[in-house]
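Below is one structure; the comments refer to it alone.
The values are calculated or read from the model by the stated rules, or taken from the named source; none is laboratory data. In this text the structure is predicted, and so the values were computed from the model without any measurement. Positions of Cβ are backbone-derived with ideal geometry, glycine not excepted, and every protein chain shown enters the neighbour counts. These area figures cover heavy atoms from the full protein model, side chains too; ligands, DNA and RNA do not enter into them. Shrake-Rupley method; radii C 1.70, N 1.55, O 1.52, S 1.80 Å.
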Amino acid sequence: MNFDTKYLIRWGIPGWIMIMALFPYLFVTFIDGFKEIFKLSAVDILTIGATLTFLGVPLGYVLNQVHHSLFWVLPSLYKREWKIYFKQEVSADEKHLSIDEFKKERYRYLLSKKHELGGVAVSLFISWAVILIMNISINNLLWSWIYFGIVTALTILVILSRNYSSRNVHYYFYDYLLKETNEIR
(Lines give C-alpha, C1' and ligand atoms only; values in the text may rest on other atoms or scores of the structure.)
Protein backbone atom coordinates (compact mmCIF):
# COMPACT_ATOMS: atom_id res chain seq x y z
CA MET A 1 0.00 0.00 0.00
CA ASN A 2 1.46 3.32 -1.06
CA PHE A 3 0.24 5.97 1.36
CA ASP A 4 1.46 9.54 1.15
CA THR A 5 1.86 11.36 4.48
CA LYS A 6 0.58 14.57 2.90
CA TYR A 7 -2.91 13.07 3.21
CA LEU A 8 -2.50 12.75 6.97
CA ILE A 9 -1.72 16.45 7.13
CA ARG A 10 -4.44 17.43 4.64
CA TRP A 11 -7.05 15.40 6.51
CA GLY A 12 -5.72 16.38 9.92
CA ILE A 13 -5.75 20.15 9.49
CA PRO A 14 -9.55 20.64 9.65
CA GLY A 15 -9.77 18.34 12.67
CA TRP A 16 -6.87 20.02 14.43
CA ILE A 17 -8.33 23.46 13.72
CA MET A 18 -11.66 22.39 15.20
CA ILE A 19 -9.88 21.07 18.29
CA MET A 20 -7.84 24.29 18.58
CA ALA A 21 -10.94 26.45 18.16
CA LEU A 22 -13.07 24.58 20.68
CA PHE A 23 -10.53 23.47 23.30
CA PRO A 24 -9.66 26.94 24.73
CA TYR A 25 -13.33 27.88 24.83
CA LEU A 26 -14.35 24.64 26.52
CA PHE A 27 -11.37 24.84 28.86
CA VAL A 28 -12.31 28.27 30.18
CA THR A 29 -16.03 27.49 30.22
CA PHE A 30 -15.58 24.27 32.17
CA ILE A 31 -12.43 25.21 34.11
CA ASP A 32 -13.59 23.45 37.26
CA GLY A 33 -13.76 20.16 35.40
CA PHE A 34 -10.39 20.80 33.80
CA LYS A 35 -8.77 21.44 37.18
CA GLU A 36 -8.74 17.68 37.60
CA ILE A 37 -6.47 17.48 34.54
CA PHE A 38 -3.84 19.51 36.35
CA LYS A 39 -3.69 16.77 38.98
CA LEU A 40 -2.62 14.36 36.25
CA SER A 41 1.01 13.49 35.65
CA ALA A 42 3.01 14.87 32.74
CA VAL A 43 2.71 11.49 31.01
CA ASP A 44 -1.09 11.62 31.33
CA ILE A 45 -1.23 15.12 29.87
CA LEU A 46 1.11 14.06 27.06
CA THR A 47 -1.16 11.08 26.37
CA ILE A 48 -4.20 13.34 26.19
CA GLY A 49 -2.36 15.65 23.77
CA ALA A 50 -1.26 12.73 21.59
CA THR A 51 -4.80 11.35 21.58
CA LEU A 52 -6.26 14.71 20.50
CA THR A 53 -3.58 14.96 17.79
CA PHE A 54 -4.41 11.46 16.57
CA LEU A 55 -8.17 12.11 16.65
CA GLY A 56 -7.71 15.24 14.52
CA VAL A 57 -6.96 13.11 11.45
CA PRO A 58 -10.19 11.06 11.29
CA LEU A 59 -12.19 14.10 12.42
CA GLY A 60 -10.61 16.17 9.64
CA TYR A 61 -11.28 13.43 7.11
CA VAL A 62 -14.97 13.41 8.05
CA LEU A 63 -15.09 17.22 7.81
CA ASN A 64 -13.54 17.05 4.33
CA GLN A 65 -16.17 14.50 3.31
CA VAL A 66 -18.95 16.72 4.68
CA HIS A 67 -17.62 19.60 2.56
CA HIS A 68 -17.34 17.39 -0.52
CA SER A 69 -20.88 16.06 -0.06
CA LEU A 70 -22.45 19.45 0.65
CA PHE A 71 -20.78 21.37 -2.17
CA TRP A 72 -20.12 18.77 -4.88
CA VAL A 73 -22.22 15.66 -4.50
CA LEU A 74 -25.59 17.05 -3.32
CA PRO A 75 -25.76 20.00 -5.77
CA SER A 76 -24.79 17.70 -8.65
CA LEU A 77 -27.32 15.11 -7.53
CA TYR A 78 -30.01 17.76 -7.41
CA LYS A 79 -29.12 19.07 -10.87
CA ARG A 80 -28.38 15.58 -12.23
CA GLU A 81 -25.21 16.88 -13.87
CA TRP A 82 -22.80 14.11 -12.90
CA LYS A 83 -22.74 12.46 -16.31
CA ILE A 84 -22.17 15.79 -18.05
CA TYR A 85 -19.41 16.82 -15.64
CA PHE A 86 -17.67 13.43 -15.82
CA LYS A 87 -17.76 13.56 -19.63
CA GLN A 88 -16.30 17.07 -19.61
CA GLU A 89 -13.59 16.09 -17.14
CA VAL A 90 -12.57 13.07 -19.24
CA SER A 91 -12.55 15.23 -22.36
CA ALA A 92 -10.33 17.83 -20.71
CA ASP A 93 -8.12 15.04 -19.40
CA GLU A 94 -7.71 13.49 -22.85
CA LYS A 95 -7.01 16.80 -24.62
CA HIS A 96 -4.90 18.67 -22.06
CA LEU A 97 -4.23 17.17 -18.70
CA SER A 98 -2.69 13.96 -20.02
CA ILE A 99 -0.12 15.80 -22.15
CA ASP A 100 0.35 19.24 -20.58
CA GLU A 101 2.02 18.83 -17.18
CA PHE A 102 1.57 22.54 -16.26
CA LYS A 103 -2.20 22.48 -16.83
CA LYS A 104 -2.49 19.19 -14.97
CA GLU A 105 -0.58 20.49 -11.96
CA ARG A 106 -2.44 23.81 -12.00
CA TYR A 107 -5.82 22.07 -12.02
CA ARG A 108 -4.70 19.67 -9.27
CA TYR A 109 -3.45 22.61 -7.17
CA LEU A 110 -6.70 24.57 -7.58
CA LEU A 111 -8.88 21.58 -6.68
CA SER A 112 -6.66 20.75 -3.72
CA LYS A 113 -6.81 24.32 -2.40
CA LYS A 114 -10.60 24.42 -2.75
CA HIS A 115 -11.03 21.17 -0.82
CA GLU A 116 -8.49 22.10 1.86
CA LEU A 117 -10.23 25.41 2.51
CA GLY A 118 -13.61 23.69 2.36
CA GLY A 119 -12.68 21.26 5.12
CA VAL A 120 -11.34 24.09 7.27
CA ALA A 121 -14.47 26.17 6.58
CA VAL A 122 -16.70 23.29 7.71
CA SER A 123 -14.63 22.80 10.88
CA LEU A 124 -14.72 26.50 11.74
CA PHE A 125 -18.43 26.74 10.96
CA ILE A 126 -19.23 23.83 13.28
CA SER A 127 -16.98 25.37 15.97
CA TRP A 128 -18.75 28.71 15.44
CA ALA A 129 -22.16 27.04 15.83
CA VAL A 130 -21.12 25.17 19.00
CA ILE A 131 -19.76 28.35 20.58
CA LEU A 132 -22.89 30.32 19.59
CA ILE A 133 -25.20 27.70 21.07
CA MET A 134 -23.17 27.51 24.27
CA ASN A 135 -23.01 31.31 24.58
CA ILE A 136 -26.77 31.59 24.21
CA SER A 137 -27.56 28.70 26.52
CA ILE A 138 -24.97 28.68 29.32
CA ASN A 139 -22.12 31.11 28.87
CA ASN A 140 -23.30 34.68 28.33
CA LEU A 141 -20.07 36.37 29.45
CA LEU A 142 -18.12 39.13 27.74
CA TRP A 143 -15.02 37.00 27.09
CA SER A 144 -17.14 34.27 25.47
CA TRP A 145 -18.68 36.76 23.04
CA ILE A 146 -15.24 38.19 22.23
CA TYR A 147 -14.02 34.66 21.53
CA PHE A 148 -17.12 34.09 19.42
CA GLY A 149 -16.27 37.25 17.45
CA ILE A 150 -12.75 35.97 16.78
CA VAL A 151 -14.04 32.59 15.58
CA THR A 152 -16.67 34.39 13.48
CA ALA A 153 -13.99 36.52 11.78
CA LEU A 154 -11.83 33.47 11.07
CA THR A 155 -14.83 31.56 9.73
CA ILE A 156 -15.79 34.40 7.39
CA LEU A 157 -12.22 34.78 6.11
CA VAL A 158 -11.87 31.07 5.39
CA ILE A 159 -15.29 30.91 3.69
CA LEU A 160 -14.33 33.89 1.50
CA SER A 161 -11.04 32.19 0.61
CA ARG A 162 -12.85 28.94 -0.15
CA ASN A 163 -15.33 30.74 -2.40
CA TYR A 164 -12.47 32.51 -4.20
CA SER A 165 -10.75 29.16 -4.78
CA SER A 166 -14.01 27.63 -5.95
CA ARG A 167 -14.52 30.35 -8.54
CA ASN A 168 -10.91 29.98 -9.63
CA VAL A 169 -11.37 26.22 -10.22
CA HIS A 170 -14.63 26.86 -12.05
CA TYR A 171 -13.02 29.48 -14.30
CA TYR A 172 -9.97 27.35 -15.02
CA PHE A 173 -11.99 24.25 -15.85
CA TYR A 174 -15.01 25.66 -17.67
CA ASP A 175 -13.76 28.91 -19.14
CA TYR A 176 -10.26 27.77 -20.01
CA LEU A 177 -9.84 24.01 -20.39
CA LEU A 178 -13.26 23.20 -21.78
CA LYS A 179 -13.26 26.09 -24.24
CA GLU A 180 -10.03 24.69 -25.66
CA THR A 181 -11.59 21.23 -25.98
CA ASN A 182 -14.82 22.61 -27.48
CA GLU A 183 -16.80 21.01 -24.65
CA ILE A 184 -18.36 24.26 -23.51
CA ARG A 185 -21.05 23.80 -20.91
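Extension gain for the segment Leu74 to Phe54, taken as residue separation times 0.36 nm less the Cα-Cα distance, is 4.2 nm to one decimal.
Annotation for region 93-165: chymotrypsin sites (Phe, Trp or Tyr not before Pro) lying in DSSP loop with at most 10 further Cβ atoms inside 10 Å of their Cβ do not exist. Protein-only accessible surface at a 1.4 angstrom probe places the residues Lys103, Lys39 in the order Lys39, Lys103, largest first. Working note: 222 nm ellipticity from helices only, DSSP H runs with n ≥ 4, each -39,500 (n - 2.57), summed and divided by the residues of the chain, gives -26000 deg cm²/dmol to the nearest 500. For the listed residue pairs Lys6/Lys179; Lys6/Lys104; Lys6/Lys95, the alpha carbons are over 27 angstrom apart in Lys6/Lys179; Lys6/Lys95.
Against the main long axis of the alpha-carbon atoms of the chain, helix 142-170 sits at an angle near 10°. Working from Cα pairs under 8 Å separated by at least six residues, relative contact order for the chain is 29 percent.
For the chain, the Kirkwood estimate of hydrodynamic radius, built from reciprocal distances between every pair of different alpha carbons, is 19.0 Å.
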